[in-house]
Amino acid sequence: VVNSEVEFAPLLRAILDGVALLEGADRAVALVPDRASGKLIVAAGAGRSEALAGLPPLDPADIAERHLGACSEVVPAVFLGRPSSSPLHDYELALGDAPSALLAFRIDAGEASGYLLFGAAREGAFAAVEPVELLGLHEHLSWALLKGRMIQELRDLNARKNLFLGIAAHDLRNP
């Protein structure tokens, strides 16, 4: 599951800096499902979207229907176009910095979905990208997020193992 434990900020910065397909992108946002509320939270922002990290939780339907409403699904789970009216877009407008072009990747994970959104100030910034390239990038992003989640789970398990071994060693020494 795409979740808020993944370190999104470095991932988004690396994507903005290093993915040639996203040339012209000047902002990125990771929206992840909050298990407690069922809403989407802004896990991280990069580039011109760093201020979005304090945004209140968003309704997934608002993002799917309203924010991506003016976008076309160029390949499964990849949306391209202009952002339309939604709480996220309204917040960007209030900051005086809404993007003119939007590229969104829906990352499905069982019953919950998250989004990686990339924006550009220049309208049509992503229009020249081939659909097959977008599909490949979506696959790479999905695997990167899965790998990040697995690494975090391994760290958590290792910490629990160390705690257990510490308690067991203490109890063996001091019955």
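Any residue that is surrounded by fewer than 20 Cβ atoms within 10 Å (Cβ to Cβ) and at pLDDT 80 or above - is there at least one of those in region 87-97?
The answer is no, given that none of the residues of region 87-97 is surrounded by fewer than 20 Cβ atoms within 10 Å (Cβ to Cβ) and at pLDDT 80 or above.
Check region 3-15 and report whether any residue there is modelled with pLDDT under 70 and small (Gly, Ala, Ser).
Yes, region 3-15 has at least one match.
Suppose we keep only residues that are surrounded by fewer than 18 Cβ atoms within 10 Å (Cβ to Cβ) and in a loop (DSSP other than H, G, I, E, B) within region 56-76. Which one would you say is modelled with the highest pLDDT?
76
Six or more apart or on different chains, Cβ atoms under 8 Å: show the pairs whose first residue is in region 143-160 and closer than 16 Å to residue 32 by Cα and whose second is open to solvent by less than 100 Å² (accessible area, probe 1.4 Å) and part of a helix (DSSP H, G or I).
144/11; 145/11; 148/11
When you check residue 28 against the structure, is it modelled with pLDDT of 80 or more, surrounded by 16 or more Cβ atoms within 10 Å (Cβ to Cβ) and part of a strand (DSSP E or B), yes or no?
Taking the combined requirement at face value, the residue satisfies it.
Quick one: in region 130-152, which of the residues that are in a helix (DSSP H, G or I) and open to solvent by 80 Å² or more (accessible area, probe 1.4 Å) is farthest from residue 74 (Cα to Cα)? Outline the logic, then answer.
Within region 130-152, the subset in a helix (DSSP H, G or I) is 131-152.
If we keep only those that are open to solvent by 80 Å² or more (accessible area, probe 1.4 Å) too, we end up with 132, 139-140, 143, 147, 150.
Details: 132: 9, 139: 14, 140: 17, 143: 20, 147: 26, 150: 29 Å.
Top of the filtered list is 150.
In this structure, is residue 117 open to solvent by less than 70 Å² (accessible area, probe 1.4 Å), within 14 Å of the chain's Cα centre (by Cα) and free of Cβ contacts under 8 Å to residues at least 40 places away in the same chain? Lay out the reasoning, then the answer.
On the way: open to solvent by less than 70 Å² (accessible area, probe 1.4 Å): yes; within 14 Å of the chain's Cα centre (by Cα): yes; free of Cβ contacts under 8 Å to residues at least 40 places away in the same chain: no.
Judged against the criteria, residue 117 is not a match.
Mind checking which residues of region 137-171 are touching a helix residue (DSSP H, G or I) at 6+ places or on another chain (Cβ under 9 Å) and of a type in the set (A, V, I, L, M, F, W, C)?
137, 141, 144, 145
The values are calculated or read from the model by the stated rules, or taken from the named source; none is laboratory data. Since this is a predicted model, take the numbers as computed values, not measurements. In this analysis, Cβ positions are derived from the backbone assuming ideal geometry, glycine residues included, and neighbour counts consider all displayed protein chains. SASA here: full protein model, heavy atoms, side chains in, ligands and nucleic acids out. Shrake-Rupley method; radii C 1.70, N 1.55, O 1.52, S 1.80 Å.
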